[in-house]
Amino acid sequence: MQQRTQLTLSFLLSQVLLLTFAEDLECIPGFQQKIFRIEQPAEFIEDQLILNLTFNDCKGNDKLRFDVSNPYFKVKPDGALVALKNISDVGPALFIHGRSSNAEDMAEVVIIGGQDSHGSLKEIFTFARTSAVPRQKRSIVVSPILIPENQRQPFPRDVGKVVDNDRPEGSKFRLTGKGVDQEPKGIFRINENTGSISVMRTLDREIMATYQLFVETIDVTGKTIEGPVSLDIIVIDQNDNRPIFKEGPYVGHVMEGSPTGTTVMRMTAFDADDPSTDNALLRYNILQQTPDKPSPNMFYIDPEKGDIVTVVSPALLDREFHATVNEGVVGVIVNLTVEDKDDPTTAAWRAVYTIINGNPGQSFEIHTNPQTNEGMLSVVKPLDYEISAFHTLLIKVENEDPLVPDVAYGPSSTATVQITVSDVNEGPVFHPDPMTVTKRENITIGSMLLTVNATDPDSLQHQTIRYSVYKDPAGWLNINPINGTIDTAAVLDRESPFVHNNIYTALFLAIDSGDPPATGTGTLQIRLEDVNDNAPLIYPTLAKVCDDAKDLNVVILGALDKDLHPNTDPFKFELNKQTGSDKFWKISKINDTHAQVSLLQNLKKANYNLPVMVTDSGKPPLSNTTELRVQVCSCKKSKMDCSSAGIPHIRTTLVLLLSLFSLVWL
């Protein structure tokens, strides 16, 4: 009796306080009624009125919109709640989120007798009852905010607003909590003057489904005036996660000859979306069965539970396995399973598989999977459809440990595996590969190099082959598409940057007439023999010497040639005697690749251009003349001054020109 009196008194006090608050606040923004109760009908009829809701933001309801927790319901602009289709399974409650430019609020429609088939939405929207708009004078008015996940740009995006009609002049709003000033930081912010709440980036419900923030008003010094008041932000789920099987691969076992409807195993998938919505409602389906014999539909999976059961007659559950493999491939093609009731941790359980017949070419191998005890039958040598399209293997299985004496059954079991080889359009094959040919560089354009040969492994298909250039880095080659003859389209140059170690490499294609066509690739390597087509070059081309030097040796010259021996050194160095340079200079051989340039006497300070000719040892030889620039400089106190040697010295040239002019004049 005492407890009932206390409850009655609390209720009366609440009513008195509410009346007092109503006098203080002329308008309370949000839903004017927040909780509705209706009986669960046999069926909600499409577009039939369920109830009317009244929302008032106290400022004209600008840009008012409603969101309903169940996608099969909507609220019309006039506040009428209706169903979008005939529906009976709704759940225990609907939650309606109303939002305008100035306020937002939440209302709950309790469905008496409604069944919660997918988990209660109330687990997400617990704030619907607990976060009613405060009704105290000069209070901060907040409503929960619902934001869909995966929103796109632009950001920031306004999502709600905090209202404080009696906020003192000069005060500001402050927002705190996880998502603002705590990790993850910077997701939300508040306009300190208007109270508008903004989200700064895309939200992911699977990372964080709710955010609890706190709003307060502060003065200019940062001191709290009112609050903090809790603000709940709920992330609305979108169907953005695929179901996944976490524990795969799954291995099921069924005895051969088992009756129809025998349960083999249960599949369990996981969906990260909201389990209280249809976004996480899973349905199971078998996509493929391998092998598809003796029946392509030997099993059925319960679409809701994930149980896999047999649906064929016991006669079709036979251990003789069938496998299909494409020619030319290797790898595991079938897993053989056995049942052994011995302890799985012992050698009495571990199986040993052996191919005892049908493998003369050793194209197959079988190994035991140590985790599942299955026999993994593999192709280890590519099979050829043109040689044999079918293989029949007899496989024996026994334990690592022998059976104890006097058991009623034999020590091993056998199974037959039928293997079908599928014909695949194989690409032509070049013979040989790589192809090699030796030619001299600089041969005539259009010269034939060789004729390639490619054959089609698919001998039973009688296909034709065409040829084409695949990779020709220098663009030197042509190939006849019909007969495969390769000739030159440009000059072959051994010194080209596309030639490495005297070898030029190109790739060619052989394409058959299959549907679709198959392609084979062949490599051609051309070894290029050198010819003397590069004249040597001297280095260096600049030297300096003092005008009073006692050592008249000026510089040591070297020579380089891009060709190969014997088209290179020994080199011959000579001065151009026609210029009269041999009166002041001499050049002396040091070895096969170098020579010494020396003065015959000291010269005045100036620049001198000395023509030097170098000749290689090729047949016929090639020569090149290069001007060696020599600067004669003044040298004092170990310092070389070449500043006044800028004008080339042309005395010898002038003498020769004057002499020739005199002869012509006479």
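The values are calculated or read from the model by the stated rules, or taken from the named source; none is laboratory data. Model, not experiment: these values are computed from the prediction. Here the Cβ positions follow ideal geometry from the backbone for every residue, glycine too, while neighbour counts run over all protein chains shown. Only protein heavy atoms, including side chains, enter the accessible area calculation; ligands, DNA and RNA are left aside. Shrake-Rupley method; radii C 1.70, N 1.55, O 1.52, S 1.80 Å.
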- From the list 261, 252, 195, pick out the single residue that is closer than 20 Å to residue 163 by Cβ, small (Gly, Ala, Ser), in contact (Cβ under 8 Å) with a residue 24 or more places away in the chain and touching a strand residue (DSSP E or B) at 6+ places or on another chain (Cβ under 7 Å). 195
- Note on the structure: Picked from the range 548-578 (must be open to solvent by 50 Å² or more (accessible area, probe 1.4 Å) and over 18 Å from residue 622 (Cα atoms)), the residue modelled with the lowest pLDDT is 578
- Message: Which numbered condition in (1) open to solvent by 50 Å² or more (accessible area, probe 1.4 Å); (2) in contact with a Gly (Cβ under 7 Å, 6 or more places away or on another chain); (3) of a type outside the set (D, E, K, R) is the only one that residue 86 fails?
- Response: (2)
- Item | Residue identified as of a type in the set (Asp, Glu), touching an Asp or Glu at 6+ places or on another chain (Cβ under 7 Å) and at negative phi among 487, 515, 493 | 493
- Message: Is it the case, given these coordinates, that residue 601 is in contact with a Phe, Trp or Tyr (Cβ under 7 Å, 6 or more places away or on another chain) and more than 30 Å from residue 502 (Cβ to Cβ)?
- Response: yes
- Message: If I ask for residues that are open to solvent by less than 40 Å² (accessible area, probe 1.4 Å) and within 31 Å of the chain's Cα centre (by Cα), which ones from the range 210-247 would you list?
- Response: 235, 237
- Item | Residue that is modelled with the lowest pLDDT [pool: residues in the range 62-84 that are closer than 21 Å to residue 238 by Cα and among the charged types (D, E, K, R)] | 67
- Task: Test residue 413 against the criterion of being farther than 30 Å from residue 496 by Cα, not aliphatic (A, V, I, L, M) and not in a loop (DSSP other than H, G, I, E, B), and give yes or no.
- Result: yes
- Query: Of all residues in the range 524-547, which are in a strand (DSSP E or B) and either among the hydrophobic types (A, V, I, L, M, F, W, C) or open to solvent by less than 30 Å² (accessible area, probe 1.4 Å) (or both)?
  - Reply: 524, 526, 528, 537, 538, 542, 543, 545, 546
- Within the range 152-170, track down each residue that is free of Cβ contacts under 8 Å to residues at least 40 places away in the same chain and aliphatic (A, V, I, L, M). none
- Item | Total residues in the range 193-234, condition in a loop (DSSP other than H, G, I, E, B) and farther than 17 Å from residue 171 by Cβ | 10
- Item | Breaking point among (1) part of a strand (DSSP E or B); (2) at pLDDT 90 or above, for residue 333 | (2)
- Message: Of everything in the range 90-106, what is touching a His at 6+ places or on another chain (Cβ under 9 Å) and open to solvent by 10 Å² or more (accessible area, probe 1.4 Å)? Give them in sequence order.
- Response: none
- Item | Residues of the range 494-523 that turn out to be over 21 Å from residue 431 (Cα atoms), in a loop (DSSP other than H, G, I, E, B) and open to solvent by 50 Å² or more (accessible area, probe 1.4 Å), as a count | 5
- Task: From (1) surrounded by 13 or more Cβ atoms within 10 Å (Cβ to Cβ); (2) within 20 Å of residue 337 (Cβ to Cβ); (3) over 34 Å from the mean Cα position of the chain (by Cα), pick out the condition that doesn't hold for residue 253.
- Result: (1)
- Flagged in the range 552-607 as among the aliphatic types (A, V, I, L, M), out of contact with any Lys or Arg (no Cβ under 6 Å at 6 or more places or on another chain) and outside any loop (DSSP other than H, G, I, E, B), in numbering order, are 554, 555, 556, 557, 559, 560, 575, 587, 597, 599, 606
